[in-house]
Structures are given as structure tokens and as C-alpha cells.
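Beneath this line is the structure, given in C-alpha cells, with notes to follow.
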Amino acid sequence: MQTLLNILQEADRAGIAIGHFNISESVALTAVAAAARELDVPVVIGLSEGERKFFGTRQAAAVVRAIRDEHDQRVYLNADHTHSLESALEAARAGFDSVVFDRSALPFAENIRETRRAVEALKAVNPAIIVEGEIGDIGTGSEIHEKAPDQMVLTTVREARQFVAETGVDVLSPAVGNMHGLLKSMIHGTAEKRLNLSRIKELKQAVGIFMTLHGGSGTNDVDLREAIHSGMTMVHVNTELRVAWRRALDESLSKDETEVVPYKILAAPREAVKAVVRDRLELFNARDASSVTSSSWGRSPDRTESHR
Ligand SMILES: [Zn+2]
């Protein structure tokens, strides 16, 4: 099976992106894997520290390994937003393919120091592990927010270059207009996130390594395509899945109050998550910009079919 590094290299060359989807439990996990399998594209399943605590770090690794083996599927596992070295090492030892080491809340010099230490320690556990570093503030929490953060400071070329040179990370996550979570207005379909595409291009040229776009939920589809063309090799989506999961579960529960069979109740959330993942994967993996699809996570039940 190809390694995550092979997959990143291929995506980078082809000007497409790998979809990264966060999950907290097995309904969403199997939905993500099934969507990627249907489209025959690679996919990364991510669990933040909170998600790992709920699911179990080794359990998540075991389930993903089982899916990989059973289907010979290119499905990879990422320890998303890991704030301590201890937790990063735990994921590396459990067999995660990559770690997002996030000390972006620290002053820049300390972030560099801690990230460099993490890169060394993680590669000592598994030389093939992919380590991503974070600079800039893109907000916390893949949740529904009342309003946008007060200030969105973009990552500069200078700090990106310095960060990459001094830490040795494989992947950089910059702040380029993206943010975690969704605003209420985005759920209602009256607002979308817009990205600074020229900054993405400048950063990619300056650092030369892979870059990840976090907080992909609710982003304008054309911006996403352009961001991928400009050098984003992985795109993270979490909140859109959570919204779809929650809505489908609500509907499922209210449809028949006497239903108690979990696999019947949970069939709808699984399908809803799968539909969102499919749409996003089609967009991220499209080699032709004209095949842009609209997202299905919320506002558009009659979504346009894509033509791959
Ligand atoms: Zn993120």
C-alpha cells in the first residue's frame, strides 16, 4: 500500500487535494471510509485530542487498520491538533500516519522550539510519520460560532519560511483567511468563508513543502478549488460533517419514537455524513475545475450532480 507521503506527493503533482475528515465515533468513521471507497480516492481520517479521548487512540488505529486490510483501501489516520508531546507520541506509537502538532497559541519562537522537538521525537518513533506544524490563529473549535473572530491575521511569507526551515516539519498549516467551525450565518447559507488565494500561492512558493487548509467547512467552493490549485495538498473538514450528523440524528429519532434499534436509528446519520464526504472528495479530487459541485451538508437538498 502507498504511504501517506506517496499520496501527498501524487496529490501535489496533480494539483488536487486529499480530503481530511474528523470523526468522534464509528458511525462517522465508517461513513468517511465508505465514501472514499466509492470514489476510489485516498482519504485521511482525523481525530483531535478530544476526539481521541472519546474514541480511544489505539481503538481508532485498530479500526482504520482493519478497514485498510479488509478493503485494501488507501485510508490514513491523523492525530489532529495535538497540543502536547506526550499525546503526539501516544498517537505515533499507536500507528497513526501523521500528527498535527499545534503549539500555535504560543509565541512564535516557542512554537518553533517545541515543534522542532516534536518532529525529532516523533520521527524517532516512526521515521515515516508525517508531522504538520501550525502557525497563525485560525480559531479553535469545530463548532457553531455566533460571530467571526475579531482579527484574522494572515501568515507571512517570512514567518512561514523561518518556521519550516527551523522546525523540519513535513507539512505547514498557515492562516490564509480560513477558520475553524462555522458561523450561524454560514449554516443558514447567507455567508461563506473566503480565502486569500494570492497569499496561498506566495507561501507555497516560499516554503515548497505540503500545505494543509484547516477549517474547510463553509468555504466558497471556487476558493477551495483555487486554494488547491495554488498549493493546498490537504483540506480539513469537520463541522459540516457534525452538522449533517446532528440533523440526520434528530430527524431519525423524531421519526419514530418507539424505535430503539441503534443500527436503524444511526443509518440516517451515516448516510448523511457519507453524502457530505462524497461531495467534498469530488471537489478536492477534481482535476478539472469545471466539475465543481455544491456542498450538501446543509442548505441545498437538491444539489447538482457532479460530472467527474
Ligand atoms: Zn484544524
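The values are calculated or read from the model by the stated rules, or taken from the named source; none is laboratory data. Since this is a predicted model, take the numbers as computed values, not measurements. Counting neighbours? That spans all protein chains shown, and the Cβs are built from the backbone with ideal geometry, glycine included. Side chains included, ligands, DNA and RNA excluded: accessible areas come from the protein's heavy atoms. Shrake-Rupley method; radii C 1.70, N 1.55, O 1.52, S 1.80 Å.
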TODO: Kindly count the pairs of lysines across the chain whose alpha carbons are less than 25 Å apart, treating pairs on different chains or eight or more residues apart as eligible.
DONE: 13
- [ ] Rounded, prolate or oblate: pick one for segment 55-110, where a ≥ b ≥ c are the square roots of the eigenvalues of its C-alpha gyration tensor, a/c under 1.5 means rounded, and failing that, prolate if a/b is larger than b/c, else oblate.
- [x] prolate
TODO: Taking the dipole about the Cα centre of the chain, with the C-beta of Lys and Arg at +1 and of Asp and Glu at -1, give me whichever of Asn126, Gly189, Val32 is farthest to the positive side.
DONE: Asn126
Open item on the list: Once neighbouring chains are kept in place and the probe is 1.4 Å, which whole percent of the accessible area of segment 77-151 is contributed by carbon and sulfur?
Closed with: 49
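Excluding ligands, DNA and RNA, what is the solvent-accessible area per residue of the chain at a probe of 1.4 Å, expressed in Å²?
Details: 13850 Å² over 308 residues.
For the chain, the solvent-accessible area averages 45 Å² per residue.
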Task: Which of Thr219, Asn111, Ser230, positive extreme of dipole for the chain (C-beta unit charges) - done: Ser230
TODO: If a/c stays under 1.5 just call it rounded; otherwise compare a/b with b/c (prolate if a/b is bigger, oblate if not). Do that for segment 1-103, with a ≥ b ≥ c from the square roots of the Cα gyration tensor eigenvalues.
DONE: oblate
Open item on the list: With loop defined by DSSP as not H, G, I, E or B, and exposure as at most 10 other Cβ atoms within 10 Å, which is the longest segment of the chain clear of exposed GluC sites (Glu not before Pro)?
Closed with: 1-145
Task: Sparse-neighbourhood loop sites, trypsin sites (Lys or Arg not before Pro) in segment 95-179 - DSSP loop, at most 10 other Cβ within 10 angstrom - done: Lys147
Task: Hydrodynamic radius of segment 185-224 per Kirkwood, over alpha carbon pairs, in Å - done: 11.4
Open item on the list: Only four residue types carry charge here, +1 at the Cβ of Lys and Arg and -1 at the Cβ of Asp and Glu. Report the dipole size of segment 77-157 about the Cα centre in Debye, rounded to the nearest 20.
Closed with: 340
Open item on the list: Please compute the length gained on full extension between Ala165 and Ala121, using 0.36 nm multiplied by the number of residues separating them and subtracting their Cα-Cα distance.
Closed with: 14.1 nm
Task: For the chain, radius of gyration divided by Kirkwood radius, i.e. Rg to Rh on alpha-carbons - done: 0.95
TODO: Give the relative contact order (percent, whole number) for the chain; include only Cα pairs under 8 Å separated by 6+ residues.
DONE: 19
